[in-house]
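Since the structure comes first, as structure tokens, the remarks are kept for the end.
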Amino acid sequence: MTTTRPSTRRTRKPAVAAVPAARIEKAGSFPAPDRDPHPKRGRLGWLRVIEGLDPVTHHQDIMRITAGYEFPWDYQRSLEFALFRTYCVPTISDLLARTGEFEKRPQKRYDDTSLLMAELIEHGYDSDRGRESLRNINRMHGMYTIDNDDMLYVLSTFIYDPLDWIDRYGWRRLHPNERLASFHFYRQVGIRMGIKDIPESFQEFHRFKTEYERTKFVYSDSNNKIGTYTLRLFESWYPSVLRPVVASAVYALIDEQMATAFGFEQGSPRSRAIAESALRARSALVRLLPKRRASVSAKNPQNRTYPGYPVGYRPRDLGVGHH
């Protein structure tokens, strides 16, 4: 017998459902990112700047340099896989399936998330555009009741998945300041999103992420459904003749835990070796290029949903309710 799921609708319940004793933390006040930073001499000029910045107080500067100047392509790819990873959790994928957004407008949903995060990195979370982005994010989340641990987990993937990706495929090693800055940056973003009980240390939050994945990554039909929509979206970015290659690369780059939770085939060792060799070859070429002089974290002219963004757009134009 087939049962009909209840429709997803606006609720008056809190957006983030947490236990009554959850710790509600006040947002800290930190310097906005420098809008016109200057690198030191040489290919590692930006790294030399990062070495001299405090990752606690100047995490916004470090994040903007790392994501906008040093590793913009890697950050984009790693956040794609970070979001993909969150769909291995049935409570997350089930909510996404019920909204219908991934089925009807997968590219727009992807672009909205990517651009709102880029706004926070490029302009700072307490800038006019940053506050506008956070209001939009909170408005969209406020339409549904979401478990606090699920929100915590998604936040953790934004910290650790890009670090893991760059460790494997980046053109240089990350500096410890970059790792800590990512934690402090997204922790402050999470506080401004109303997420409760955010761990207070880099190591503690990483332990939460690892344990959450160990217990919550299980197969469900909604995982498979959202995972398949996302895979088709990745394929759509390339000519049709390359789509089987794209699918093969995705299967190769996801781990066994993800493949099981999605009900996807396991990528072959040969496909994984080819994909990783291609990524490392790209990094070897990037290492030979001159350092980037302008941030590109929020200025992608090839944006598929909003061509030419951010010219003529505001963060409030993005998200659910704006088609």
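Could you tell me how many of the residues in the stretch 269-285 are open to solvent by less than 90 Å² (accessible area, probe 1.4 Å) and either charged (D, E, K, R) or in a loop (DSSP other than H, G, I, E, B) (or both)?
So the first thing to find is which residues in the stretch 269-285 are open to solvent by less than 90 Å² (accessible area, probe 1.4 Å), and the list is 271-273, 275-279, 281-284.
Now restrict to residues that are either charged (D, E, K, R) or in a loop (DSSP other than H, G, I, E, B) (or both): 272, 276, 282.
So the answer is 3.
Hey, could you check the stretch 210-238 for residues that are within 15 Å of P106 (Cα to Cα) and hydrophobic (A, V, I, L, M, F, W, C) and say which is surrounded by the most Cβ atoms within 10 Å (Cβ to Cβ)?
Step by step, filter the stretch 210-238, then rank; the result is I226.
Is it the case that the stretch 96-116 has a residue that's closer than 26 Å to E178 by Cβ and either among the small types (G, A, S) or touching a Lys or Arg at 6+ places or on another chain (Cβ under 7 Å) (or both)?
So far as the stretch 96-116 goes, yes, one or more of its residues are closer than 26 Å to E178 by Cβ and either among the small types (G, A, S) or touching a Lys or Arg at 6+ places or on another chain (Cβ under 7 Å) (or both).
Contact list please: Cβ distance under 9 Å, first residue in the stretch 282-298 and touching a residue at least 60 places away in the same chain (Cβ under 8 Å), second residue outside any helix (DSSP H, G or I) and aliphatic (A, V, I, L, M), pairs at least six apart or on different chains.
Sorted first by the residue in the stretch 282-298, then by its partner, the pairs are K291/L44.
With the requirement that a residue be assigned to a helix (DSSP H, G or I), hydrophobic (A, V, I, L, M, F, W, C) and open to solvent by 20 Å² or more (accessible area, probe 1.4 Å), what does the stretch 141-155 give you? Explain how you work it out, then say what you get.
Step one: of the stretch 141-155, the residues assigned to a helix (DSSP H, G or I) are 141, 148-155.
Checking the rest, the ones that are also hydrophobic (A, V, I, L, M, F, W, C) come to 151-152, 154-155.
Within the stretch 141-155, V154 is the sole residue that qualifies.
Would the stretch 90-107 turn up any residue that is open to solvent by 20 Å² or more (accessible area, probe 1.4 Å), farther than 17 Å from R187 by Cα, in contact with a His (Cβ under 9 Å, 6 or more places away or on another chain) and at pLDDT below 95?
Looking for residues that are open to solvent by 20 Å² or more (accessible area, probe 1.4 Å), farther than 17 Å from R187 by Cα, in contact with a His (Cβ under 9 Å, 6 or more places away or on another chain) and at pLDDT below 95, one finds at least one in the stretch 90-107, hence yes.
Give the residue that is farthest from V296 (Cα to Cα), with candidates limited to residues of the stretch 108-137 that are open to solvent by 10 Å² or more (accessible area, probe 1.4 Å) and more than 16 Å from the chain's Cα centre (by Cα).
Ranking the candidates gives R135 first.
Output the number of residues of the stretch 156-178 satisfying the condition of being free of Cβ contacts under 8 Å to residues at least 60 places away in the same chain, assigned to a helix (DSSP H, G or I) and either open to solvent by 10 Å² or more (accessible area, probe 1.4 Å) or of a type in the set (K, R) (or both).
1
So which of Q203, Q188, Q266 is within 20 Å of the chain's Cα centre (by Cα), surrounded by fewer than 16 Cβ atoms within 10 Å (Cβ to Cβ) and either modelled with pLDDT under 95 or among the polar types (S, T, N, Q) (or both)? Please lay out each step first, then the result.
Working: Q188 fails: surrounded by fewer than 16 Cβ atoms within 10 Å (Cβ to Cβ); Q266 fails: within 20 Å of the chain's Cα centre (by Cα).
Q203 is the lone residue from the list that is within 20 Å of the chain's Cα centre (by Cα), surrounded by fewer than 16 Cβ atoms within 10 Å (Cβ to Cβ) and either modelled with pLDDT under 95 or among the polar types (S, T, N, Q) (or both).
Any residue that is assigned to a helix (DSSP H, G or I) and either open to solvent by 90 Å² or more (accessible area, probe 1.4 Å) or closer than 18 Å to F81 by Cα (or both) - is there at least one of those in the stretch 286-308? Don't jump to the end; show me each part of the working.
Within the stretch 286-308, the first condition is being assigned to a helix (DSSP H, G or I), and the residues that meet it are 286-288.
Of the ones still in play, those that are also either open to solvent by 90 Å² or more (accessible area, probe 1.4 Å) or closer than 18 Å to F81 by Cα (or both) are 287-288.
Yes: one or more hits.
Return the total of residues in the stretch 92-116 being assigned to a loop (DSSP other than H, G, I, E, B) and either farther than 23 Å from T145 by Cβ or aliphatic (A, V, I, L, M) (or both).
Step one: of the stretch 92-116, the residues assigned to a loop (DSSP other than H, G, I, E, B) are 100, 105.
Subsequent filtering for residues that are either farther than 23 Å from T145 by Cβ or aliphatic (A, V, I, L, M) (or both) retains none.
Within the stretch 92-116, residues that are assigned to a loop (DSSP other than H, G, I, E, B) and either farther than 23 Å from T145 by Cβ or aliphatic (A, V, I, L, M) (or both) number 0.
The values are calculated or read from the model by the stated rules, or taken from the named source; none is laboratory data. If you're wondering where the values come from, they're calculated on a predicted model, not measured in any experiment. Because the Cβ atoms are built from the backbone with ideal geometry, glycine has one as well, and the counts that use them run over all protein chains shown. Protein only, heavy atoms only, side chains kept; ligands, DNA and RNA dropped before computing areas. Shrake-Rupley method; radii C 1.70, N 1.55, O 1.52, S 1.80 Å.
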